[in-house]
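K.L.:
A single structure is presented below for examination.
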Amino acid sequence: MKKLLLAALLAALATAARAQTVTLKLGTLAPQGSTWHDLLREMAQKWEQASGGKVKLRIYAGGAQGSEGDMVRKMGIGQLQAAAISNVGMHDVIPEPQALSVPFLFQSEGQMECAFDKVRPRVEQALEKRGLLALQWSRIGAIHLFCDSPFKTPAEMSRAKIWAWEGDPKSVEAFRAAGMQPVVLSANDMYPSLQTGMINCVPNVPLYVLTARLFEKANNMMDVSWSYMMGATLVRKDAWEKIPADLRPKLLQIAKELGQKVDVEVRRLNADAVGAMQKQGLQVVKVDAAPWRQAMERSWPVVRGGVVPAEFFDAVKAARDACPAK
């Protein structure tokens with residue numbers, strides 16, 4: 001009888017221990033073994049240590065949970081509790097962050113980050129209304145145009161097919177307003193689509209192009225920055241609040257510190273990525289930025305009010321104008 005009672009007690013204690021453990025499932029497009037994936041793994045380890053094993057972060061990297069839009073939808077139904085995604089990939093949650101990546105809206109990455117600091121509270125309030133929290137923001141880097149041919153002018157580019165994010169028809173319309181031919185695809189389909197010629201060009205940051213091996217087909221990089229990209233670790237508010245209140249500040253601080261680590265490293269890593277790809281055949285194509293800026297400015301009226309709420313677009317432009325260009 002005593003053995004039965006002891007077994008029942010041990011089973012009850014084990015059940016209670018499991019109930020006290022919070023497991024967050026996080027999806028990301030970051031390729032396995034990439035810098036971003038390594039930092040997420042570091043965050044998972046530090047969270048588990050800081051919480052005494054009470055909080056576990058399970059990471060699904062390399063698009064294992066689908067595109068960023070798929071991850072957002074899975075967060076909505078509770079299949080995922082978190083996602084490390086780009087500001088562009090947030091368009092299925094809120095449209096405002098896409099303003100940060102409007103082509104040629106900013107003259108430098110520093111100017112974009114300065115403008116973002118001014119509008120960040122509004123972005124985070126919009127996320128919170130959707131039941132999400134941004135644990136940290138970090139730079140992903142300057143986006144360049146990678147193509148299978150050296151397109152030097154917008155007129156030459158008009159013959160090419162450029163990848164466009166799925167689920168965002170107004171962005172497609174904006175590309176067309178600039179005289180381009182967008183092809184809507186999941187991010188996971190970029191590489192095979194470059195292989196088959198379904199697309200000729202991909203706008204992305206060098207480190208991602210290297211780790212995803214996109215440069216093997218898109219081996220010409222425009223030397224002018226096309227736009228800029230931020231990333232964030234989003235978590236469902238209800239899942240976050242299942243973590244004991246005394247632990248949340250510690251975990252949030254770890255997330256922010258790793259975000260700052262990304263900021264320090266990513267500019268160097270993107271530069272190193274360009275060098276690594278050049279050794280494997282990448283050509284850096286020198287272009288005149290002025291005609292490209294003129295072409296992309298034709299897309300801004302579509303972006304304003306179509307992709308991004310008009311009032312927020314105007315607020316970002318005003319913030320930009322208040323920030324130094326360099």
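K.L.:
In straight Cα distance, which aspartates and glutamates are under 18 Å from Lys46, not counting same-chain residues fewer than 8 positions off?
P.N.:
Asp38, Asp246, Glu257
K.L.:
Can you grab the distance from the C-alpha centre of segment 262-326 to the C-alpha centre of segment 30-68, Å, no decimals?
P.N.:
Going from one Cα centre to the other spans 28 Å.
K.L.:
Using the alpha carbons of segment 40-100, what is the convex hull volume per residue in cubic angstrom, as a whole number?
P.N.:
Working: hull volume 6.0 nm³, N = 61.
Expressed per residue, the convex hull around the Cα atoms of segment 40-100 is 99 Å³.
K.L.:
Testing the spin-label approximation: label points 7 Å from Cα along Cα→Cβ at Lys54 and Asp223. State their distance in nm.
P.N.:
In this crude spin-label approximation the distance works out to 5.6 nm.
K.L.:
To continue, here is another question. Calculate the FRET efficiency for Ala290 and Ala245 from the Cβ-Cβ distance with a Förster distance of 41 Å, rounded to the nearest 0.05.
P.N.:
0.15
K.L.:
What Kirkwood hydrodynamic radius do you get for segment 270-326 when you take the inverse of the mean 1/r over all pairs of distinct Cα atoms, in Å? The partial results should precede the final answer.
P.N.:
Details: mean 1/r = 0.0693 Å⁻¹.
Roughly 14.4 Å, rounded to one decimal.
K.L.:
Sequence-distant or interchain residues sharing an amide H contact under 5 Å with Ile140, placed H: which?
P.N.:
Met229, Met230, Gly231
K.L.:
Next question, about the same structure. Quick check: net charge around Arg304, other residues with Cβ under 14 Å of its Cβ, Lys/Arg +1 and Asp/Glu -1? Mind showing how you got there, number by number?
P.N.:
Values: positive: Lys170, Arg298, Lys317, Arg320; negative: Glu96, Glu173, Glu297, Glu311, Asp314.
Residues close to Arg304 contribute a combined charge of -1.
K.L.:
Can you check what the net charge comes to around Ala160, using other residues whose Cβ is under 15 Å from the Cβ of Ala160 (Lys, Arg +1; Asp, Glu -1)?
P.N.:
Local net charge: +3.
K.L.:
Now a separate question. Could you go through segment 77-90 in sequence order and give the Karplus-derived ³J(HN,Hα) for each residue, using 6.51 cos²θ - 1.76 cosθ + 1.60 with θ = phi - 60°, rounded to whole Hz, and x for Gly and Pro?
P.N.:
9, x, 6, 10, 9, 8, 7, 9, 9, 7, 5, 5, x, 7
K.L.:
List every residue whose amide H lies under 5 Å from the amide H of Leu185, counting only residues 5 or more places away in sequence or on a different chain, with H placed 1.01 Å from N in the peptide plane.
P.N.:
Ala164, Glu166
K.L.:
For segment 286-300, just list the computed ³J(HN,Hα) in residue order, Karplus coefficients 6.51, -1.76 and 1.60, θ = phi - 60°, integers in Hz, with x standing in for Gly and Pro.
P.N.:
7, 9, 8, 5, 4, x, 5, 4, 4, 5, 6, 4, 5, 7, 4
K.L.:
Write down the radius of gyration of segment 133-242 and its Dmax, each obtained from C-alpha positions, in Å.
P.N.:
Values for segment 133-242 (Cα only, Rg and Dmax): 15.7, 54 Å.
K.L.:
Restricting the calculation to Cα positions, tell me the Rg (one decimal) and the Dmax (whole number) of segment 108-151 in Å.
P.N.:
Considering segment 108-151 through its Cα atoms, Rg and Dmax are 15.1, 44 Å.
K.L.:
Further, regarding this structure: P(r) for segment 67-143, please, calculated from all Cα pair distances in 10 Å bins and given in %.
P.N.:
Whole-percent P(r) values from 0 Å outward: 17, 53, 25, 5.
K.L.:
Another question about this same structure. Can you check what the Kirkwood hydrodynamic radius comes to for the chain, Cα pairs only, in Å to one decimal? Please report the intermediate quantities before stating the final value.
P.N.:
Numbers: mean 1/r = 0.0479 Å⁻¹.
For the chain, inverting the mean 1/r across all distinct Cα pairs yields 20.9 Å.
K.L.:
Additional query: Given the Cα-Cα distance of Arg130 and Glu297 and 0.36 nm per residue of separation, how much length would full extension add, in nm?
P.N.:
57.0 nm
K.L.:
Skipping prolines and chain starts, which residues have an amide H placed within reach, meaning under 5 Å, of the one on Gln65, given they are 5 or more residues away or on another chain?
P.N.:
Counting only residues 5 or more places away or on other chains, the set is Thr28.
K.L.:
Follow-up. What is the extension gain from Ser158 to Val184, computed as 0.36 nm multiplied by their sequence separation minus the C-alpha to C-alpha distance, in nm to one decimal?
P.N.:
Length difference between fully extended and current span is 7.7 nm.
K.L.:
Any aspartates and glutamates with Cα under 17 Å of the Lys250 Cα? List them, leaving off those in the same chain fewer than 8 positions away.
P.N.:
Straight-distance partners of Lys250: Glu42, Glu48, Glu241.
K.L.:
Another question, then. Apply the Karplus parameterisation 6.51 cos²θ - 1.76 cosθ + 1.60, with θ equal to phi minus 60°, to every residue of segment 189-200 and state each ³J(HN,Hα) to the nearest whole Hz, in sequence, with x for glycine and proline.
P.N.:
Computed from phi, the couplings for segment 189-200 are 9, 4, 4, x, 6, 5, 5, 8, x, 5, 10, 10 Hz.
K.L.:
Rounded to whole Å, give me the distance from the Cα center of segment 195-244 to that of segment 96-166.
P.N.:
10
K.L.:
Calculate the all-directions average of the projected area of segment 194-247's alpha-carbon convex hull, and give it in nm².
P.N.:
6.5
K.L.:
For a Förster distance of 30 Å, can you work out the FRET efficiency between the beta-carbons of Lys118 and Gln20, rounded to the nearest 0.05?
P.N.:
On the way: r = 41 Å, r/R0 = 1.36.
E between Lys118 and Gln20, to the nearest 0.05, is 0.15.
K.L.:
Can you tell me the length gained on complete extension of the stretch Gln107 to Lys170, counting 0.36 nm per residue apart and subtracting the Cα distance?
P.N.:
20.3 nm is the gain from fully extending Gln107 to Lys170.
K.L.:
Tell me, what % of the accessible area of segment 273-326 is carbon and sulfur with a 1.4 angstrom probe?
P.N.:
Of all accessible area on segment 273-326, carbon and sulfur atoms account for 51 percent.
K.L.:
Something else about it: Starting from the eigenvalues of the Cα gyration tensor, five times each then square-rooted, give me the equivalent ellipsoid semi-axes of segment 176-305, largest first, whole Å.
P.N.:
Values: eigenvalues 223, 85, 54 Å².
Computed over segment 176-305, the values are 33, 21, 16 Å.
The values are calculated or read from the model by the stated rules, or taken from the named source; none is laboratory data. Owing to the predicted nature of the structure, the values given are computational and were not obtained by experimental measurement. A quick note on method: Cβ atoms are made from the backbone with ideal geometry, for glycine too, and the neighbour counts reach across all protein chains shown. In case anyone asks, the SASA skips ligands and DNA or RNA and just uses the protein heavy atoms, side chains included. Shrake-Rupley method; radii C 1.70, N 1.55, O 1.52, S 1.80 Å.
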